1. Just to compare against my own numbers: the Cα pair-distance distribution for region 116-219, 10 Å bins, whole % per bin, please.
2. Report, to two decimal places, the Cα Rg of region 12-104 normalised by 2.2 N^0.38 Å (N = number of residues).
3. Give the separation of the Cα centroids, region 277-309 to region 7-79, in Å.
4. Under 10 Å, Cα contacts only: if you run a Gaussian network model on the chain, which one of 37, 70, 195 comes out with the highest mean-square fluctuation?
5. Kindly give Rg over Rh for the chain, based on alpha-carbon atoms, with the Kirkwood expression for the hydrodynamic radius.
6. How do 84-92, 243-251, 108-116 rank on mean C-beta neighbours within 10 Å, highest first?
Amino acid sequence: MTAPTRLPETALDVVVTARTRSSDAVDLFDLAAPDGTPLPRWEAGAHVDVALPDGDVRQYSLCGDPVEGTWRIGVLREPDGRGGSAWLHDHLAVGSTVRVAGPRNHFEFEPRRGTSYVLVAGGVGVTPISAMARAAAHAGVEYVVHYAGRSRASMALLDELAELHGDRLHVHAADEGARLDLDALFAGMPPFTTTYCCGPERMIDAVEAAGAGRQVVVERFEPKAVGEPVRHESFEVELALTGGTVTVPSDRSVLDVVEEAGVLVLSSCREGTCGTCETTVLEGEVDHRDSILTPDEQAAGDRMFICVSRAACPRLVLDL
Ligand code: FES
């Protein structure tokens, strides 16, 4: 039996219209509305939430053409994962229906003339990067793509990237000894360059270290290491919409406590990477512990991810 999902009421059923093998472990699934009506538009960097039969939800970046609005996801089969990618690989065929929500975008890419872009992808992190490269090409801005992987056979979307981006694409296949030299990459970068990176944690950490002081925007699939919380004491959270106040002890998350109080909050990863539990902050100072917001966005203090972020003051007022 299919369990209820944690997707919002705006979630919709879509049908798989094509399934393509893109690398030795990544398949591409094209999705469309069952009646052929256009699906919501999306921008490069966006992802969709896909419901699994056990009610769990997984996020997949859209890697079709953002200008045409094609919905395509690339799914890496992860034998040691939590089972979501294996279920999609084993059960989704052309004609299958799957429930999805979104698109949502926490990795926004808005190409601007006068800025050049370095797009760095590692492994299946190529999915949002491929959409960014298409958007950059459409916008007519300067860009290059650096794509790293174990081997060409393991690298999804490689043919498409080569065809669309020609010599702007630089392939770094480890088994060919063509490793990505990040220090050289940043040293040779002209001013007014913004780097976008999506890939494994160690790649993102290396890009952030090599690009310190430069404009670098990353998307993480795994939570980054965060230090001790600002406060070790409990704090209060006032729920402005539903009324009432809850106390969040030091060993529990805001999400756990508000759910226990009967407030419906959408969530998925519960580790500060997917963005599903984003909540508007009306008052109070936040101890941001997510892996999504940039330092500037964190400093704005107007939203938080309540599965991991906490209060840096005795009382928060949230739009819940
Ligand atoms: S549930 Fe994923 S960021 Fe909170």
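1. Result, from short to long distances: 16, 53, 30, 1 percent.
2. My calculation over the Cα atoms of region 12-104 gives 1.00.
3. 27 Å
4. Highest fluctuation of the listed residues: 37.
5. Rounded to two decimals, Rg over Rh is 0.98.
6. My ranking of the peptides, most packed first, is 84-92, 108-116, 243-251.
Values in this text are rule-based calculations from the coordinates and carry no lab data. Here the structure is a predicted model, which is why all the values come from computation and not from measurement. For neighbour counting, all protein chains shown are included, and Cβ atoms are generated from backbone atoms with ideal geometry for every residue, glycine included.
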